[in-house]
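The values are calculated or read from the model by the stated rules, or taken from the named source; none is laboratory data. What you are looking at is a predicted structure, and each value in this text was computed from that prediction instead of being measured. As a convention, Cβ positions derive from the backbone with ideal geometry for all residues, glycine included, and neighbour counts pool all protein chains shown. Side chains included, ligands, DNA and RNA excluded: accessible areas come from the protein's heavy atoms. Shrake-Rupley method; radii C 1.70, N 1.55, O 1.52, S 1.80 Å.
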Amino acid sequence: MKKTGINASPGIAIAKAFVYVKRELDVTERVIENIADEKNRFEAAVELSRVQLGAIHDKAVAELGEEEAAIFEAHAMFLDDPEFVGTIGNEIDGGINAESATQKTIDTFYAMFDAMDDPYFKGRAADIKDVGTRILHNLLGVAMVDISNLDEDTIILAEDLAPSDTATMDKAHVKGFATDIGSRTSHTAIMARSLEIPAVLGLDDITTSVKDGDTIIVDGSEGVVIVDPTNAEIAEYKAKKEAYEAYRAELAGLKDQPAETIDGHRVEIVGNIGSPADVEGVLDNGGEGVGLYRTEFLYMNSEVMPDEEKQFAAYKTVIESFKDGAVIIRTLDIGGDKKLPYLPLEEELNPFLGLRAVRLCFQKEDLFKTQLRAILRASVFGKARIMFPMVGNVDEVKQAKALVKACMAELDAESKAYDKDIEIGVMIEIPSAAITADIIAEEAAFFSIGTNDLCQYTLAVDRMNQNVSYLYDPLHPAILRLVKNVIDASNAKESCFTGMCGEMAGDPYATLILLGMGMHEFSMSASSIPQIKKIIRSVTFEQAKAIADEALSMTNSTDIRSMITAKMDEMGIKLL
Ligand code: PEP
Ligand code: MG
């Protein structure tokens, strides 16, 4: 049986299936005589949950780092939350058993969070369910199905995987994932990619159509799962797996090679990170520095506004990790789809066109200056650069730079060190900025093109709307022309360069065009680095220039993609 889903993480796995479905728990409502006993039972279950979450947290810190582990601290906080625990207590006071009281409260809180539009709060719904289910297991004395200790190589089949599942699972034996639900940006997809585990998601009924112990094949590159494969299929996919791994190993061999064309034109390949824990992946894949540090995750993973010291520590850790390479720290990009629980903002009709990023920072100057001071103080530990998101005109750049100056003056007065020559750059993600790049170049040491937003604003396509995703196209001639305009504007000025940190920078179909246009820096998720480096090392700069010119002369992205595919074929460039 062959099933097709979303190719969420590349690679091939052939192993026994483990159907990871959590057991139905008996939460039938019963009338309770001794309320005090029932409350003690509940408190014991909460305490046990606290101990378990503490252990999971510590394991996650060791394996994934502080930032990724923060979610379990957040889970543990629900155990101390007077609203959540108090509501269960009140239900028990009403004379019902703790299991039923807990289930009712989970359902209420789940519905409340799930109904929120804001993706951050919506995400808390899954967290409440996760914590609540743990309490229920402990009340019932039922062990949670355990994937932390497996005896043999296994492919995990699940409806979806919770953060606590992926954090605690036995990474040595989990060879693949296949799930009923999920998208390319779901937690499971992101984890699979960062752990380099092949994954196919959104298969609808994989957990009900496969039995424990069945042999299955997961082809995460193509998005295919084969259940009970024939010997011929096993042989075919073993060969495919070997070829994939040999190619990955070949790519891994490029780790310490420069991103340089055959005729010696050198560019930089750097990584996008969301936390200090992501640095390891960038270094392992041969990234020379960081082209985008999305600092908002530091704020989003925190229950309170992170203070200057906390930010300073995170930035310093990242900066110190790179001996020579620069780290571009993007200032807070909140608003749009990202909100902070402790920073109430007015509801907006069009949040992506609203008070987002620097616009918000200008209104909350204290918050902005706290971050700028932290970045400046960390800048003496290596090479840091500051970058402002969502800039629409040159005056905003001047305004933001004036605030950096003010912070420098404060630090001078306090005799605190910072890099006086720190470079300040601008994200180009609004069409007005791309069109006036020559004007903005007067104030910027560098540009980094944020194609994720530049595409949505230029093409009028919401980057998260499934219904119009077919129109979301970085190879649209409009995007290519804007990108070219930005690169030309920076190249016309000796002291300015252009990089790109949107997903387009890691898209193998765009590499030769961007290279040929004269783009200087490519910033992407760590796992894309080897493949893009390989492509750059396979051509001469002259060839890339000719390809860029040809692409710019074409009228639609379908033709451009076909042309690029043909060129890469001719040059013997394989894709993962
Ligand atoms: C972008 O818009 O391309 C970008 C890199 O920023 P983000 O995805 O964080 O909006
Ligand atoms: Mg953006």
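Observations on the structure shown:
- In the structure shown, the pairs Lys339/Lys401; Lys310/Lys484; Lys3/Lys122 are assessed against 32 Å; a Cα-Cα span above that value is assigned to Lys310/Lys484.
- With 20 Å bins beginning at zero, the pair-distance distribution over Cα atoms of the chain amounts to 19, 50, 27, 4, 0 %.
- Antiparallel content of DSSP bridges confined to the chain, in %, to 5: 30 percent
- Surrounding net charge for Asp228, when Lys and Arg each add one and Asp and Glu each subtract one, Cβ distance under 10 Å: -1
- In the stretch 425-576, Cα pairs under 8 Å separated by at least six residues give a relative contact order of 21 percent.
- Counting protein heavy atoms only, the chain has 50 percent of its accessible area on carbon and sulfur, 1.4 angstrom probe.
- Relative contact order of the chain: 14 percent, from C-alpha pairs under 8 Å at least 6 residues apart in sequence.
- Rolling a 1.4 Å probe over the heavy atoms of the protein chains gives the chain an accessible area of 43 Å² per residue.
- Across q = 0.10, 0.14 Å⁻¹, the stretch 182-300 modelled as identical point scatterers on its alpha-carbon atoms has Debye log10 I(q)/I(0) values of -0.48, -0.84, in the order of the q list.
- q = 0.09, 0.16, 0.23 Å⁻¹, the stretch 35-140: log10 I(q)/I(0) [Debye, one scatterer per Cα]: -0.23, -0.70, -1.22
- Residue-count net charge about Ile197 - beta-carbon cut-off 10 Å; Lys, Arg +1, Asp, Glu -1: +2
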